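For reference, the structure is listed below as structure tokens.
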Amino acid sequence: MTTGSYIGISTMKPCCRIISGFSPIKFTDSTIMGILSRSCYHSSIHSHRYYKCSNNTKIVGYIHDVTSLNRRDFSVIDSNWAQSRNFSTSFCVNIGSVRPRVVSLIPNVASDFRNESTSVDSNVNDKSFENIYIQSGLIAKNPLVFEGIETDQGKLEEVPDGSNVNLDDNLNDLSENKAERELSEIEKEAWKLLRGAVVTYCGNPVGTVAANDSAEKQPLNYDQVFIRDFVPSALAFLLNGEEDIVKNFLLHTLQLQSWEKTVDCYSPGQGLMPASFKVRTVPLDGSNDAFEEVSDPDFGESAIGRVAPVDSGLWWIILLRAYGKLTGDYSLQERVDVQTGIRLILKLCLTDGFDMFPSLLVTDGSCMIDRRMGIHGHPLEIQTLFYSALRCSREMLIVNDTTRNLVAAVSNRLSALSFHMREYYWVDMKKINEIYRYKTEEYSTDAVNKFNIYPEQIPSWLVDWISEEGGYFIGNLQPAHMDFRFFTLGNLWAIVSSLGTTRQNEGILNLIDAKWDDIIGQMPLKICYPALEGEEWRIITGCDPKNTPWSYHNGGSWPTLLWQFTLACIKMGRSDLAQKAVDLAEKRLCIDKWPEYYDTRNGKFIGKQSRLTQTWTIAGFLTSKMLLKNPEKASLLFWEEDFEILHNCVCMLNKTGGGSSSRRKCSRFAARSKVLV
Ligand code: GLC
């Protein structure tokens, strides 16, 4: 049986809860005491300690009793206390104004439900948030005990009842700016806006809102913290030496992942990360002077078009690795709950389906382009993020008996995916000429035109557009269909992750350089090229008035893509290109009030329905500036070619006899010399 419950109440400051599609459960002091005593009753093994402070802020308490440590499944042990749905309430600790240097929460026994490891870290140097928020809730087999406060002498002192301890000072760290000397006025303005976008939960920073556009009457979901949008914010903070917000975000979203979600009568898979979450302050128990904070995730059940955000989990893994690399704090990724989070995401991605390819099969709009744009199937963006997340996971997964098979599956998938993408998604002059002369209707395992592509499909714009120099990965590949549009994010991420070979990666930047006016234009960077027009626009977008030609997702220009361009350029030794693009953006972004996107063929106008003060525009700009200033830090965020992946790939091809060049020698040398490099 899995049992567990959490409470969180404060009468003055809001407390914290995570909700998911059901009525919030209301607690009062007496119910808490009731729950506590019942919890103790149900828990014969573990003791519970309940902390109550005097002064205005009344309650700091928790109960936690998880006998089966499956963090996906936390139920209240007594159905009288809640509806039959599982629920989890994390609690907020806010007990006054004296700030301890460290508050230590120590699990009685920390235990991994998979391997009994004790990597749940109760490091006294950890900031308070994750100790309280996650460790108390999800991983410790036994309740956490509020031990005391570490004094300046390093001694743990018992917190006396009624003393004031204020744990919500992390925000102050965010304004103690470490590298904000020597900044241009524009950068200073950007930092101010980025800090203004920070969202707190229980007094701790956990993310940034998508946009802070005061003029906009309809916030829609732009007042939420989007997983993908937070990545550049996170990098800006990390590069500026501010790690708490990122750690909090990773742990907060991890908790959301564990949540049960439903769309009408259907529950999507466990492991899914939400597209976004919103922190709301709601009155507690109908009272006028007591509030609690709830964190409300959206897994696509409210999103326009109801699409599941496939990219969220992939970004989460990528950010987790970046956090370790940039802070040197690897203990976060080693934590049991975090390892479980990685595994759940991978499980979702690696589950066998009907697919014949190593690429991920997804619906339209399941990534940055989150509405219908004809990218269902195997879109490049998802494949490159998938590849990156697999590489991150291979670095971060702790290998033990439980994970051994998973790690092997990750390695195999990396090899198969890199071969697939390099071989079938790449186009340049030579390849297009080959396609132009393809024979069709081939039936055999040795077919050259494996996907039965009819040459007539080569669009006329491409014939003129493709340059002698360079090439790119196409947007999508399906039977009898190649989507020849150039999608910027996927191509940049192919470079960053080394999904492409060195030659291919250089080729992408050569193409961008050669087609500067089309891809960079007056505002970097075009999300895809070219736009869908006329009948194609009507059928493919479903007549979407926001996605008209050269606007929004349909060929609009998105300044947030600047940081990924910068990273790719630094990796390939082309910082000059990035600098040129950043200079261009810097001239306009601040004057234009940091728009979400620009319209027209070369990004001349601020987007028709573009939000202003869009956070990932601001953060993307700041991150680009910092990456250019610190290329050595940038190098922690990209990958070089991994010959083990290639080696496996050649061996797999040999075993199956597949590929156009089967029966090659299974050796590193063979891998290097194969077409792939
Ligand atoms: C739009 C974008 C999406 C982004 C969201 C919030 O829907 O398409 O990628 O996450 O806005 O900024």
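If you roll a 1.4 Å probe over the stretch 183-351 with all protein chains in place, what percent of the accessible area is carbon or sulfur?
Summing carbon and sulfur atoms, their accessible area is 50 percent of the total for the stretch 183-351.
Taking the mean number of other Cβ atoms within 10 Å as a proxy for protection, how do you rank 564-575, 378-389 from highest to lowest?
The packing order, highest mean first, is 378-389, 564-575.
Using the Cβ atoms and a cut-off under 14 Å, what net charge is assigned to the surroundings of LYS439, where Lys and Arg are +1 and Asp and Glu are -1?
For residues surrounding LYS439, the net value is -3.
What ranking, highest mean first, results for peptides 184-192, 507-515 when packing means the other Cβ atoms within 10 Å averaged over each residue?
The peptides rank, most packed first, as 507-515, 184-192.
Long-range amide H contacts for VAL199: which residues qualify at under 5 Å (H placed 1.01 Å from N, peptide plane, sequence gap of 5 or more or a different chain)?
Hits under the 5 Å cutoff: VAL206, GLY207, THR208, VAL209.
Return the FRET efficiency for the residue pair ASN400, LEU361: r is the Cβ-Cβ distance, R0 is 22 Å, and the value is rounded to the nearest 0.05.
0.15
Quick check on the stretch 263-392: take the gyration tensor over C-alpha atoms, sort the square-rooted eigenvalues as a ≥ b ≥ c, and tell me if it's rounded (a/c under 1.5), prolate or oblate.
Here the stretch 263-392 falls in the oblate category.
How many nm separate the modelled label positions at LYS347 and ASN452, each set 7 Å beyond the Cα in the direction of the Cβ?
3.7
Give or take rounding to whole Å, what are the principal axis extents of the alpha carbon atoms in the stretch 183-351, in descending order?
Reported extents, whole Å, longest axis first: 50, 44, 32.
Count charges around ASN449 for me, please; just the other residues with Cβ under 15 Å from its Cβ, Lys/Arg as +1, Asp/Glu as -1.
Neighbourhood net charge equals -2.
Which one, VAL246, LEU235, THR340, projects farthest toward the positive side of the charge dipole computed for the stretch 183-351 from Cβ point charges (K/R +1, D/E -1)?
It is THR340.
For a test of the definition: using alpha carbon positions, the gyration tensor, and the 1.5 limit on a/c, classify the stretch 534-595 as rounded, prolate or oblate.
Oblate.
Treating only the Cβ of Lys, Arg, Asp and Glu as charged (+1, +1, -1, -1), what charge dipole size does the stretch 183-351 show about its Cα centre? Round to the nearest 20 debye.
Dipole size: approximately 560 debye.
Taking a probe of 1.4 Å, how large is the accessible area per residue of the stretch 183-351, in Å²?
32
Cβ neighbours within 10 Å, averaged per peptide: list 442-454, 306-318 in order, most packed at the top.
306-318, 442-454
Using each residue's phi in the stretch 582-588, evaluate 6.51 cos²θ - 1.76 cosθ + 1.60 at θ = phi - 60° and report the 3J(HN,Hα) Karplus result to the nearest Hz, with x for Gly and Pro.
5, 4, 4, 5, 4, 5, 10
Are any of the pairs LYS188/LYS217; LYS580/LYS629; LYS188/LYS608; LYS325/LYS629; LYS430/LYS526; LYS526/LYS580 more than 20 Å apart by Cα-Cα distance, and if so, which?
LYS188/LYS217; LYS188/LYS608; LYS430/LYS526
The values are calculated or read from the model by the stated rules, or taken from the named source; none is laboratory data. Everything numeric here is computed off the predicted structure, so don't read it as measured data. Neighbour counts are summed over all protein chains in view; Cβ atoms, including those assigned to glycine, are modelled from backbone coordinates with ideal geometry. Each accessible area value is taken on the protein alone, full model and side chains, heavy atoms only, with ligands, DNA and RNA left out. Shrake-Rupley method; radii C 1.70, N 1.55, O 1.52, S 1.80 Å.
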